[in-house]
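Got a structure for you, written out below as structure tokens; questions coming shortly.
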Amino acid sequence: MSTFERTAAATAVALLVAACATQMSAQPSAAQQPKLGRAATAAEVAAWDISIPPNGAGLPAGSGTAKQGAAVYAAKCVACHGEKGAGKPADALVGGIGSLATARPVRTVGSYWPYATTLFDYVYRAMPIGNPMSLTYDEVYAVSAYILYLNGIVAEDAPMSATTLPLVKMPNRDGFVSDWPPQKR
């Protein structure tokens, strides 16, 4: 490349950068900005602040056992997750314990998930798929207990609640590098 070509290329780049900078610094006036809603109120934010961390902070009052969960599962979950959590058409919820280090790992609630509180959180937020957040807290605890029971993690009559659910030791709890509690960096 000749000196002339390098100078022309450098000039073109400098002009492009200047044009972009000018364009980016031209902010629309308040009158030109779109009117898209309003800031959420503290109450609205609190209503959607429903995530449950591994230690169970924020778990609601309520309880349920696997025996109770079997009925809820039959009515609201079996169509997607199959008999006893075997799967089809949606993912299996049961099985696969000990398979993660094999050539064909089976990732289920019982084999892969590190915390039982994640099960409550997910079922409450996202299930049933056609009507999420429609289950009562007692139903969510009961379904969580049922899925844990089917995976051989809790007894059929073990009550799951805000107190007991965080104490459940999942088979793969030590298979993850934890970032809980959050560390200051």
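The values are calculated or read from the model by the stated rules, or taken from the named source; none is laboratory data. This one's a predicted model, so the numbers in the text were calculated from it and none came from an experiment. Methodologically, a virtual Cβ is constructed for each residue, glycine included, from the backbone with ideal geometry; neighbour enumeration extends over all protein chains shown.
State all residues of the range 62-86 that are within 19 Å of residue 132 (Cα to Cα) and surrounded by fewer than 17 Cβ atoms within 10 Å (Cβ to Cβ); if no residue qualifies, say none.
62, 71, 74, 75, 78, 79, 80, listed by residue number.
Here's another thing I want to ask about it. Across the range 49-67, which residue is modelled with the lowest pLDDT among those that are of a type in the set (S, T, N, Q) and more than 16 Å from residue 148 (Cα to Cα)?
51
Let me ask you something else. Considering only residues of the range 175-185 that are free of Cβ contacts under 8 Å to residues at least 40 places away in the same chain and not aliphatic (A, V, I, L, M), which is farthest from residue 139 (Cα to Cα)?
185
Spot the failing condition for residue 89; the list is (1) under 17 Å from the mean Cα position of the chain (by Cα); (2) in a loop (DSSP other than H, G, I, E, B), and only one is missed.
The one condition residue 89 does not meet is (1).
Restricting the search to the range 101-125, which residues are of a type in the set (A, V, I, L, M) and surrounded by 15 or more Cβ atoms within 10 Å (Cβ to Cβ)?
Answer for the range 101-125, where residues must be of a type in the set (A, V, I, L, M) and surrounded by 15 or more Cβ atoms within 10 Å (Cβ to Cβ): 106, 109, 116, 119, 123.
Something else: Name every residue in the range 128-150 that is free of Cβ contacts under 8 Å to residues at least 60 places away in the same chain and either at positive phi or crowded, with 21+ Cβ neighbours inside 10 Å (or both), in order of residue number.
The answer is 133, and nothing else.
Quick one: which residue in 46, 21, 31, 14 is modelled with pLDDT under 95 and either assigned to a loop (DSSP other than H, G, I, E, B) or not hydrophobic (A, V, I, L, M, F, W, C) (or both)?
None of the other options fit; the residue is 31.
Exactly one condition in (1) buried (at least 19 other Cβ atoms within 10 Å of the Cβ); (2) touching a helix residue (DSSP H, G or I) at 6+ places or on another chain (Cβ under 7 Å) is not met by residue 50; state its number.
Residue 50 satisfies all of (1) buried (at least 19 other Cβ atoms within 10 Å of the Cβ); (2) touching a helix residue (DSSP H, G or I) at 6+ places or on another chain (Cβ under 7 Å) except (1).
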